[in-house]
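Read through the structure below, which is laid out as C-alpha cells, and then see the notes.
The values are calculated or read from the model by the stated rules, or taken from the named source; none is laboratory data. Note that this is a predicted model, so its numbers are computed, not measured. As a convention, Cβ positions derive from the backbone with ideal geometry for all residues, glycine included, and neighbour counts pool all protein chains shown. We work out accessible area using only protein heavy atoms, side chains counted, and drop any ligands, DNA or RNA first. Shrake-Rupley method; radii C 1.70, N 1.55, O 1.52, S 1.80 Å.
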Amino acid sequence: MALFGRRKTKQLSDDELLLDEEDTVAVRPEPAEGEPGVDRDWVRAEDGPYDITEWPEVDGGIDLGALRIPSVKGMQLRLDIEQSSGRVIGATLGFGASQAQVQVFAAPRTEGIWEELRTEIARGLVDSGGAAEVVDGRMGKELRARMPGRAPDGRVAYQPARFVGVDGPRWFLRVVIGGPAATDDHQVRGILSFVRRIVVTRGDEPRPPREVLTLTPPQGFAEAVAKEAEARREQQEQARRAAAAEAVRKAPSASGSSDATAVAGVGLSTGDAADTSGEGAAPAPEPAPTDAPKAPRNPDFT
C-alpha cells in the first residue's frame, strides 16, 4: 500500500495576506492524494461536502437554493415536499437500484449535532421494531439500520438503510442511503464521492437548530413535472380506452339479429306485424292444434 504524506494546502499570496478585515478569501485546499476514508482519513473542510464560503465558484450542478448538487449522467432527481406546508424539504437521488435522500438543517455555530441525532434515530428505529448500529464509515460515524415496513402481502418486512451525517459550519447535512448501497461498501463508494461534491448555502438568517432548510426547485423543474404528469394521464386514458374496446370485443352478441330482446331470451312473434290501417291487414295466426273436445256445430249457422 502506498504511503501518503501530509495534506497539501494552497499557499496564500502576499496580497491575500494583506487584505482588509472586511474582505474574506475562500480557499478550498487541494485534495490530498488517495480516496478519503479509504487511503486516508476524511476531513470535511478539505474533502467535502463544502460550505459556499469554501467553494464560492461552483461550476455547473443543479441549484436547489440551499443545496448545489452535482449533475451526473443517468441520475434521477425527485424533490421531497412537505404535505402540510408544500415546502421542498429534501431531494431523493436515484443511482440505478440505489437511492440517496439529502436534507440540510440549521445547526449551532459552535458544535455539531450528528452525535446527538444518531442516538435519537437509533432509539426511534428500535422502538418501532427495527434495528440500528453505529459503525465507522468512510465519512466518520454512520448508522446502519433495518427499517420496519410492510410487504405487499401484509407481512412485516425490513429494509436496510445507511444514515450518514455531516456537521458543517452552522449546518448539518443528512444522507439516507437505500437499496444495494445500504449494505454494500463497494457500491456506496460512488454515492459518497457524489455527496462530497455537494455545496451548502445556509444563509445568514438566524435559525433554530435542527430547522430543515427549504430547497428551491431548479428553473424549468415545475414545467417538466407538469409535462410528465400530463403524459402519464394520457397514457392512463389510452390504457382505459383500450381496455374498454377489448371488453366490448369479448362481450356476447345476438347472432343474426340486433334485437335486444333476443339476447335476453324474449322473442317477438315470427308473423308480420298487424296493419291497423284496415288495408292489407295480416290474417290472424291459426290456433295451434289441440286434443281438447270441440263444441258441436250448429247447422242453422253457416
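Structural remarks
- Criterion applied to Ile89, Ile81, Ile62 was being at pLDDT below 95, over 23 Å from Arg189 (Cα atoms) and β-branched (Val, Ile, Thr), and the one residue passing it is Ile81.
- Test: residue in region 139-161 that is touching a helix residue (DSSP H, G or I) at 6+ places or on another chain (Cβ under 9 Å), in contact (Cβ under 8 Å) with a residue 24 or more places away in the chain and open to solvent by 80 Å² or more (accessible area, probe 1.4 Å): yes
- Evaluation of Ala122 against (1) outside any strand (DSSP E or B); (2) open to solvent by 50 Å² or more (accessible area, probe 1.4 Å) (one fails), failing number: (2)
Residue-wise test of (1) in contact (Cβ under 8 Å) with a residue 12 or more places away in the chain; (2) under 23 Å from the mean Cα position of the chain (by Cα).
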{"position": "Leu192", "(1), (2)": "yes, yes"}
{"position": "Arg197", "(1), (2)": "yes, yes"}
{"position": "Thr201", "(1), (2)": "yes, no"}
{"position": "Glu205", "(1), (2)": "no, no"}
{"position": "Pro209", "(1), (2)": "yes, no"}
{"position": "Val212", "(1), (2)": "yes, yes"}
{"position": "Pro217", "(1), (2)": "yes, yes"}
{"position": "Lys227", "(1), (2)": "no, yes"}
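- Yes/no for Pro169 being within 30 Å of Glu205 (Cα to Cα) and open to solvent by 30 Å² or more (accessible area, probe 1.4 Å): yes
- Residues satisfying the stated conditions in region 212-242, i.e. at pLDDT below 75, in a helix (DSSP H, G or I) and not charged (D, E, K, R): Phe221, Ala222, Ala224, Val225, Ala226, Ala229
- When Val102, Val72, Val126, Val43 are screened for being within 21 Å of Val164 (Cα to Cα) and more than 30 Å from the chain's Cα centre (by Cα), only Val43 passes.
- Within region 139-168, being at pLDDT below 95 and in a loop (DSSP other than H, G, I, E, B) holds for Ala151, Pro152, Asp153, Gly154, Arg155.
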